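Quick note: the coordinates plus some simple rules give every number you see, no bench work behind them. Remember, it's a predicted structure, so these values are computed and weren't measured experimentally. Here the Cβ is made from the backbone with ideal geometry for all residues, glycine too, and neighbour counts use every protein chain on show.
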Amino acid sequence: SKLAALFEHPLYNIPVPEVTEKDKLFVVNPMEKFSLRSSGSDEWVSSSKAETLLPTGKTAYDTYPSWLKFHIGINRYELYPRRDPLLPTLLRDLATQRITSSVQKSGGTQLKLIMTFPNYGQALFKPMKQTRDQETPVDFFYFSDFERHNAEIAAFHLDRILDFRRIPPVSGRLVNITKEIRDITTDKKLAKTFFISPAGNVCFYGECSYYCSTEHALCGKPDRLEGSMAALLPDKTLAKRRSWRSPWRRSYHKSKKAEWELNPNYCAQVRETPPYDRGHRLLDLIDMAILDFLMGNMDRHHYETFEKFGNDTFLLHLDNGRGFGTHSRDEPSILAPLQQCCSIKKSTYLRLQLLATQPYRLSDVLREALAADPLAPVLAEPHLRALDRRLGKVLVAVGHCLAR
């Protein structure tokens, strides 16, 4: 296994700083237990009502469902640990847990659903809109592109292979539109948009600002539909997040250009602007630009951080559905933060060099990681080959910076 060998490499075993209580997103009562009433009511029972003694050798933490353990594990330095024994369980839960509720997520340009499980876990479901081998048409603007379910799955694994670990876990899943969405939804607006197509397939389109119409309906075969299931982050009422506008945000206008596209010395003013004037925020942003270039994602207008940790924490790489749309061409402008600032974390650079070598080739380790997903193969082969080509271009860009 190339993937196992990669994670054993010394570059993937650099210790994170010691995590103190104030570095944890949540400080939990170690005596609080989680159990579901056996009556079938799926009701949370706190320690005051649960049995006072747990089975021998078990702690209260052992009673927590995987999503709750994931939330509790978030800290200032990482969304989840490198050697997280919880990850396979959480991914399996996302793929197999019974869905008790499906409602449309408000906001955003395209249809997404929030799905709830019996243990109160929740996932964001992005349905399949195009096949693996379809490329984004050359005349499409990046802001009118489809969001791809398989891009969300691949982005999670790529982010982990790069050792960023800033994307919440995502699994593919085959959903039954009739039983797992239409029959159980309490969302009246969503419920009104279901219909049977002339081919006899169950379809729906929801309500959103783009692509929510009968022409862009999502149809099953006859009611089976692929999608990505992403573990939701803690509710914002429990863990506030701050949204930051990216300094390299595109203009989102058909003819206007953004300032960074016109000013070759743009990075100089970014370096003087908080929070990029101190700490590792700018370097984290360059990490994100490299991730986006490898995926071909041009749609990174904002990013988020957990408010509790202030400016000294990692960036959340959320909403990656517009990645992996093209494999036959690369978009060099995504690398602007790296090229204009000529800065990169040493650890990131060393890992990128490692992933360009035969024993750990990026396309090979990502292919292996994606093979375990329920919807494998997640990416068409040309997309995997494009990753190796783009990685080479990132290393060339760093080489130019070093030469300068």
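What to note about this one:
- Structure-derived percent of Cα pairs over 42 Å apart: which label, when the choices are [x] 58; [y] 48; [z] 14: [z]
- The mean sequence separation of alpha-carbon pairs under 8 Å and at least six residues apart, normalised by the residue count of the chain, gives a relative contact order of 17 percent.
- Region 213-260 - charge dipole about Cα centre, Lys and Arg +1 at Cβ, Asp and Glu -1, debye rounded to 20: 480 debye
- Distance from region 150-183 to region 56-133 (C-alpha centre basis), Å: 9 Å
- Of the residues Thr136, Thr313, Thr273, the one that moves most in a GNM of the chain with alpha-carbon contacts below 10 Å is Thr273.
- For the chain, the dipole from Cβ point charges (+1 on Lys and Arg, -1 on Asp and Glu) about the Cα centre works out to 320 debye, to the nearest 20.
- Entry note, region 66-198: relative contact order of 27 percent, from Cα contacts under 8 Å with a spacing of 6+ residues.
- Reach of Lys112 by Cα under 27 Å, taken over lysines that are not fewer than 8 positions away in the same chain: Lys69, Lys126, Lys129, Lys179, Lys188, Lys189, Lys192, Lys221, Lys236, Lys240, Lys254
- Between Asp84, Asp388, Asp187, the GNM of the chain built on Cα springs shorter than 10 angstrom shows Asp84 fluctuating the most.
- Region 320-399: relative contact order as a whole-number percent, Cα under 8 Å and 6+ apart: 42 percent
- Charges were assigned to the Cβ only: +1 to each Lys and Arg, -1 to each Asp and Glu. The resulting dipole of region 272-372 about its Cα centre is roughly 300 debye.
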